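The values are calculated or read from the model by the stated rules, or taken from the named source; none is laboratory data. What you see is a predicted model; the values in this text were computed from it and never measured. Every residue, glycine as well, gets a Cβ built from its backbone with ideal geometry; the counts of neighbours run over all protein chains shown. Just the protein is used for accessible areas: all its heavy atoms, side chains included, with ligands, DNA and RNA removed. Shrake-Rupley method; radii C 1.70, N 1.55, O 1.52, S 1.80 Å.
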Amino acid sequence: MELQKYEKEHMDRLRPLLPECMVLLKKNGDFPLAGPGKIALYGNGVRRTVKGGTGSGEVNSRFFETVEDGFREAGFTITSGTWLDEYDRIYEEAVRDFHEAIRRRAQEHHTHPVMEGMGAVMPEPEYDLALDAEGDTAIYVLARISGEGSDRTAKAGDIFLTESEKRAILELKERYRRFLLVLNVGGVVDLSPVLEVENILILSQLGVQTGSALADLVLGKTCPSGKLTTTWTRWEDYPGFISFGEKDDTRYEEGIYVGYRYFDSIGKKALFPFGYGLSYTEFDVRFRLLSLDKMTVTVTAEVENTGAFRGKEVVQLYVSVPAGKLDQPYQTLAAWKKTGELEQKETEKLVLTFSLMDLASYDTEQAAWILEKGDYILHLGNSSRDTKTCGVLSVPDTLVTKCVKNFLSAPDFTDWRPEKRYGHQITEDHVSRLTVDLSGLETESISYERTESTLPEAAGLDAEDLIRLNVGAFLADVGVAGIIGNSSMSVAGAAGETTQVGNIPALIMADGPAGLRLSQKYFIDENGVHSLGSTMPETMQNLLTPKECMYMENMVPKPGDDSEIREQYATAIPIGTAVAQSWNPELAEICGDIVGDEMERFGVHLWLAPALNIHRSVLCGRNYEYFSEDPLISGVFAAALTKGVQRHPGCAVTIKHFAANNQETNRYNNSSMVSERALREIYLKGFELCIREARPKALMTSYNLLNGIHTSEYRELLQDVLRCEFGFDGIVMTDWVTGSDFLSAGAKYPAPEAYKVALAGNDLFMPGSQREVVNLREALESGKISREQLMENAARICRTALELNGA
Ligand code: BGC
């Protein structure tokens with residue numbers, strides 16, 4: 001296999017960074033190993049290593065290294081070949097049964113197996129195989145996969161370990177002198193039955209080099225330095241009262257108490273808390289100085305590597321905001337910094353800063369952001385539950401930082417709050433106390449008046465052109481192929497494109513977030529570009545009947561004898577959660593830079609990523625694409641990826657899915673019912689931060705509704721909040737095929753309609769079909785929508801299309 005120079009370069013840039021994305025949960029000093037030797041590898045993730053999740057986030061890289069490949073390549077002798085062969089046989093049988101069951105269910109539900117099985121996770125099969133491979137070191141690689149279209153389940157083989165997994169893991173721990181449990185997962189697994197294992201590592205899903213990255217780490221060529229961005233604990237520890245996976249309405253009754261904000265506020269200990277992660281070495285984190293310059297807080301800390309190995313540490317700063325008019329979680333992440341690689345005994349000084357303004361809370365009664373008076377207690381440490389108080393900032397008066405307007409109708413519940421807030425603990429005797437000087441600070445107020453500049457190019461367009469610009473470019477009805485986002489006519493396998501009108505060029509869009517999703521091979525003829533082979537993910541192809549396979553096969557144009565076959569291999573980068581687990585925004589920027597380089601190479605203008613929805617529940621099937629349960633982490637990592645991509649001329653990102661898209665169950669028709677405070681503080685905050693920091697050029701609305709209104713049709717959300725409050729000045733587009741009737745048949749809420757989407761200032765209905773064109777034409781004729789609105793939307797597309805095409 002011959003890699004192209006750019007692939008090699010991208011892999012070389014990524015490889016040393018991957019250990020930063022892995023989280024070491026437990027260690028007893030048996031690892032790293034002194035050198036390669038005999039090793040017994042067990043578990044479903046050895047050969048069936050997962051490089052990333054399924055669905056639109058799947059990246060067609062040229063190849064990827066399994067754990068088995070990685071260890072072989074590193075010079076190990078794998079002694080467990082018989083176990084691996086036997087497991088393969090059991091697994092393949094289970095897959096056949098699983099597909100059969102999906103087909104049967106599809107028949108019962110009168111739907112297509114591809115829709116029924118979209119993202120469905122096959123629970124791990126049970127097995128009983130001898131664990132007697134030679135050697136004194138064993139590794140069990142436990143893999144889980146999930147994806148678009150389905151949520152995870154609190155069942156054995158998904159969130160829970162199967163009986164076979166528990167038995168094998170515990171037996172291996174006894175049988176071998178050294179044992180490591182490796183988690184090749186995109187989300188949480190309940191580890192409570194195997195906590196006695198002394199070495200546990202979250203490998204995560206790291207793209208192309210997942211296998212070799214693990215081998216590097218086990219051999220001590222690299223050291224783990226990731227920290228959790230989501231609380232990992234027993235299933236029953238997660239708040240049982242939260243509504244999730246409802247068919248019509250999902251009530252976000254937990255309000256702002258998401259993730260560690262919930263656990264810490266009720267004083268519940270998680271097995272592995274937010275921000276937690278070990279290293280091969282040990283660190284001493286020391287507070288040095290607290291200073292205040294108006295609202296800017298600076299904490300200086302010192303980190304010393306006190307152990308016997310090199311490594312990196314992440315220092316985290318949390319703040320307990322005083323409860324007053326508004327209730328508050330025990331603490332909120334305010335800032336963090338990661339050290340460079342420290343040698344033994346080496347010390348590094350870190351400077352952490354944040355603005356107190358960013359800790360303001362949303363007071364729905366006043367429609368304003370407020371910073372309440374009282375003591376703000378600062379906690380410094382290397383995980384959310386391992387901190388020391390390092391200072392107290394006293395705010396003498398309540399400050400209204402920003403006046404806005406409420407836009408959301410109130411849900412039919414009041415947000416949950418802890419009966420008694422877990423008290424602030426000042427763990428040090430003497431902490432610096434500073435008083436904040438509020439003099440001269442003014443309340444920011446937002447103007448909701450907008451004057452849209454229209455482009456001369458858009459002014460000359462006739463009604464039909466304007467309509468075509470408001471709808472993505474489409475050929476004919478592409479059926480199932482279009483559903484999975486493969487509608488571009490210019491770049492093979494890209495998810496879609498805008499319509500080329502007059503001298504306005506098209507914008508080509510391709511999925512992410514774990515790299516670029518494109519067809520690997522294609523050819524060009526007089527009708528355009530054509531993918532070679534199916535671009536449908538394998539998981540979906542397996543659910544087609546032989547007749548459908550043949551039909552799909554026949555639909556695909558065949559290259560002529562003289563056709564030139566071209567290639568577009570993209571690099572699979574780590575999944576979103578893994579990138580964030582590095583707590584290193586520079587790493588994310590490098591990932592963005594790699595994607596941007598490949599976008600330039602293949603002619604893609606908009607990457608349909610990063611995805612920054614919040615890990616609200618561990619059950620969400622797409623959590624692996626998202627960064628964290630914390631909005632600050634989400635916003636910072638989205639901004640870093642954005643900067644990396646947008647550094648490339650002609651390339652930009654599409655942040656998604658705006659907003660409160662936190663489950664896959666009935667995703668086209670489900671309404672997230674949420675209070676305005678929780679929406680703004682938890683679910684919108686990361687988007688705002690990314691927009692302010694990195695100016696992403698596009699944004700995708702979500703499938704879900706928000707308190708009964710489709711986000712794609714929500715004018716107040718898109719105009720008032722997104723554009724006026726957050727200052728977003730790019731393109732807004734819908735998620736794919738949101739308007740299809742068959743997806744909302746029998747649903748409580750009707751599907752979005754093109755003219756309502758356009759009226760909301762959502763510029764682009766994707767991927768586009770004749771149905772939306774007709775809808776807009778009729779709406780224009782009957783006066784339901786004005787030419788001015790279509791022109792305003794079209795102007796934004798024209799501006800971005802001209803800019804990214806270098807015109
Ligand atoms: C997903 C989006 C994706 C789009 C295009 C949708 O099904 O929700 O995240 O970008 O397809 O493939």
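Against the test of being closer than 26 Å to residue 318 by Cα, open to solvent by 10 Å² or more (accessible area, probe 1.4 Å) and at pLDDT 95 or above, the options 617, 628 yield a single qualifying residue, 617.
On inspection, residue 770 qualifies as in contact (Cβ under 8 Å) with a residue 40 or more places away in the chain, open to solvent by 10 Å² or more (accessible area, probe 1.4 Å), more than 24 Å from residue 650 (Cβ to Cβ) and away from the ligand (no atom under 16 Å from the Cβ). Exactly one residue out of 524, 575, 590, 565 is touching a residue at least 24 places away in the same chain (Cβ under 8 Å), in contact with a helix residue (DSSP H, G or I) (Cβ under 8 Å, 6 or more places away or on another chain) and farther than 30 Å from residue 679 by Cα: that is 590.
Cβ separations smaller than 9 Å between residues 6+ apart or across chains give the following pairs from segment 1-20 residues that are open to solvent by 30 Å² or more (accessible area, probe 1.4 Å) to residues that are of a type in the set (Val, Ile, Thr) and part of a loop (DSSP other than H, G, I, E, B): 15/222; 16/222. Quickly run through segment 703-723 and pick out the residues that are of a type in the set (S, T, N, Q) and surrounded by 23 or more Cβ atoms within 10 Å (Cβ to Cβ). Of everything in segment 703-723, those that are of a type in the set (S, T, N, Q) and surrounded by 23 or more Cβ atoms within 10 Å (Cβ to Cβ) turn out to be 704, 711, 712. The residue that is nearest to the ligand (Cβ to nearest atom), among those in segment 703-748 that are modelled with pLDDT of 95 or more and closer than 10 Å to residue 668 by Cβ, is 735. Taking segment 20-71 as the range and being out of contact with any helix residue (DSSP H, G or I) (no Cβ under 6 Å at 6 or more places or on another chain), within 16 Å of the ligand (Cβ to nearest atom) and farther than 27 Å from residue 164 by Cα as the test, the residues that pass are 55, 56, 58, 59, 60. Taken together, 481, 514, 494 contain a single residue that is among the aliphatic types (A, V, I, L, M), open to solvent by less than 40 Å² (accessible area, probe 1.4 Å), within 16 Å of the ligand (Cβ to nearest atom) and at pLDDT 95 or above, which is 514.
For residue 116, the criteria (1) more than 26 Å from residue 177 (Cα to Cα); (2) surrounded by 17 or more Cβ atoms within 10 Å (Cβ to Cβ); (3) over 28 Å from the mean Cα position of the chain (by Cα) hold in every case but one, which is (3). In summary, residue 217 fulfils each of the numbered conditions (1) under 30 Å from residue 149 (Cβ atoms); (2) open to solvent by less than 10 Å² (accessible area, probe 1.4 Å); (3) over 22 Å from the mean Cα position of the chain (by Cα) with the single exception of condition (1). Going by the conditions given, is residue 17 out of contact with any strand residue (DSSP E or B) (no Cβ under 9 Å at 6 or more places or on another chain) and within 25 Å of residue 181 (Cβ to Cβ)? Criteria met by residue 17.
Answer yes or no as to whether residue 689 is more than 15 Å from the ligand (Cβ to nearest atom) and surrounded by fewer than 24 Cβ atoms within 10 Å (Cβ to Cβ). Even if it seems obvious, please write down each step before you answer.
Details: more than 15 Å from the ligand (Cβ to nearest atom): yes; surrounded by fewer than 24 Cβ atoms within 10 Å (Cβ to Cβ): yes.
The answer is yes for residue 689.
The single condition among (1) farther than 24 Å from residue 415 by Cβ; (2) assigned to a loop (DSSP other than H, G, I, E, B); (3) in contact with a strand residue (DSSP E or B) (Cβ under 7 Å, 6 or more places away or on another chain) that residue 650 does not meet is (3).
Taking the criterion of being of a type in the set (Lys, Arg) and buried (at least 24 other Cβ atoms within 10 Å of the Cβ), the only residue of segment 631-661 that qualifies is 656. Scanning segment 262-285 for residues that are surrounded by 16 or more Cβ atoms within 10 Å (Cβ to Cβ) and in a strand (DSSP E or B) yields 272, 278, 283, 285.
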